[in-house]
Amino acid sequence: MDYFRSFGVEVGQGKYHEEAVYGIAMVYTVLFNDISVYLNKYDLTPAKMNVLMIIKHQGKGRLRQAEIGKRLMVTASNMTRLLEKLERDGLTGHSALAGDKRVKIVKITAKGSKLLDQVWPGYEERLKALAGRLSKRDQKTMAGLLQKWLENLPHR
């Protein structure tokens, strides 16, 4: 089945910009849905999983709320709601930065860290299985093209 045509994208008409953008959007939707099904077993969403991974691995267990939002490219209000859910679930906690109570430091809890360790092997297998629909060479090419594209897009 030609997925591009099924969404009204005019394939082969020289509109590669449409094929590229719609193609990425369609791939994102398929990947998001597949990963979501796996994470639902652990009462997680892709957004919650990403926050926990960023705090644990990039922040070494603690990170400023604004930095998490910047890395995930989400608005401050969406980040606040997401962190409230994670804290309510006992997966994160927070404190004020010493000397500046306006800055919130978010920490992963032992429960959050343990859950992340439990979820990760299956999550990694899902990523490998999904990416494995392409050859290693194509995966490398795709990663390079996406990196190149991201470097040339405006970031807000």
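With labels modelled as points extended 7 Å from the Cα through the Cβ direction, what inter-label distance (nm, one decimal) is found for residue 17 paired with residue 66?
About 3.5 nm separates the two model spin labels.
In region 1-84, what trypsin sites (Lys or Arg not before Pro) fall in a loop by DSSP, with at most 10 other Cβ atoms inside 10 Å? Show your work: numbers first, answer last.
Details: sites: 5, 15, 41, 48, 56, 60, 62, 64, 70, 71, 81; in loops: 15, 41, 60.
Sparse-neighbourhood loop trypsin sites (Lys or Arg not before Pro): 41, 60.
Mean Kyte-Doolittle hydropathy of 0.5 or higher plus an axial Cα length of 24 Å or more: which whole DSSP H helices in the chain meet both? Write out the running numbers ahead of the final one.
Numbers: long enough: 16-40 (35 Å, 0.56); 110-131 (31 Å, -0.49).
The qualifying helices are 16-40.
Could you work out how much longer the chain between residue 76 and residue 139 gets when fully extended? Use 0.36 nm per residue separation minus the Cα distance between them, nm to one decimal. Present the calculation step by step, with values, prior to reporting the outcome.
Working: separation 63, 0.36 × 63 = 22.68 nm, distance 3.29 nm.
This chain segment gains 19.4 nm when fully extended.
Put +1 on the Cβ of each Lys and Arg and -1 on the Cβ of each Asp and Glu in region 3-60; which of 47, 26, 13 then has its Cα farthest toward the positive end of the dipole?
47
Cα-based Rg (one decimal) and Dmax (whole number) for region 87-156, in Å?
Cα radius of gyration and Dmax of region 87-156 are 18.7, 51 Å respectively.
Could you put 28, 38 in order of accessible surface area, largest first, with the 1.4 Å probe and the full protein assembly present?
Highest to lowest solvent-accessible surface, that is 28, 38.
Please list, ordered by chain and number, the residues whose modelled amide H lies under 5 Å from the amide H of residue 61; skip anything fewer than 5 residues away on the same chain.
Placed amide hydrogens put 56 under 5 Å from residue 61.
What shape does region 1-73 take by its C-alpha gyration tensor, where a ≥ b ≥ c are the square roots of the eigenvalues and a/c under 1.5 counts as rounded, a/b above b/c as prolate, and the rest as oblate?
Values: a/c = 4.89, a/b = 2.06, b/c = 2.37.
Taking the square roots of the gyration eigenvalues as a ≥ b ≥ c, region 1-73 is oblate.
How much of residue 9 can a 1.4 Å solvent probe reach, expressed as accessible area in Å² and rounded to 10?
Rounded to the nearest 10, the figure is 10 Å².
For residue 85, which lysines qualify as cross-link partners when the Cα separation must be under 16 Å and same-chain residues fewer than eight apart are set aside?
Qualifying lysines at Cα under 16 Å: 48, 104, 107, 111.
State to the nearest 20 debye the size of the charge dipole of region 60-156 about its Cα centre, where the only charges are +1 on K and R beta carbons and -1 on D and E beta carbons. If you can, show how the numbers build up before the last one.
Values: 22 positive and 10 negative charges, 26 e Å.
With Lys and Arg at +1 and Asp and Glu at -1, about 120 debye.
Using a 1.4 Å probe and counting only protein heavy atoms, arrange 42, 16 so the residue with the most accessible area comes first.
Numbers: 42 60, 16 155 Å².
Descending order: 16, 42.
How far is it, in nm, from the label point at residue 127 to the one at residue 53 when both lie 7 Å from their Cα along the line to the Cβ?
That separation, rounded to one decimal, is 0.4 nm.
Taking the dipole about the Cα centre of the chain, with the C-beta of Lys and Arg at +1 and of Asp and Glu at -1, give me whichever of 69, 118, 98 is farthest to the positive side.
Of 69, 118, 98, it is 98.
With the Cα gyration tensor of the chain in hand, convert its eigenvalues to equivalent ellipsoid semi-axes via √(5λ) and list them largest first in whole Å.
Working: eigenvalues 228, 75, 40 Å².
So the equivalent ellipsoid measures 34, 19, 14 Å along its semi-axes.
Compute the FRET efficiency between residue 41 and residue 85 as 1/(1 + (r/R0)^6), taking r as their Cβ-Cβ distance and R0 = 22 Å, and round to the nearest 0.05.
Numbers: r = 17 Å, r/R0 = 0.78.
That pair, residue 41 with residue 85, gives E of 0.80.
With +1 assigned to the C-beta of every Lys and Arg and -1 to the C-beta of every Asp and Glu, and no other charges, what is the dipole magnitude of region 7-65 about the Cα centre in debye, to the nearest 20? List each step's numbers first, then the result.
Numbers: 7 positive and 5 negative charges, 135 e Å.
The calculation lands at about 640 debye.
The values are calculated or read from the model by the stated rules, or taken from the named source; none is laboratory data. Just so you know, these numbers come straight off a predicted model, no measurement behind them. Every residue, glycine as well, gets a Cβ built from its backbone with ideal geometry; the counts of neighbours run over all protein chains shown. To get the accessible areas, we keep the full protein, side chains included, count just its heavy atoms, and leave off ligands, DNA and RNA. Shrake-Rupley method; radii C 1.70, N 1.55, O 1.52, S 1.80 Å.
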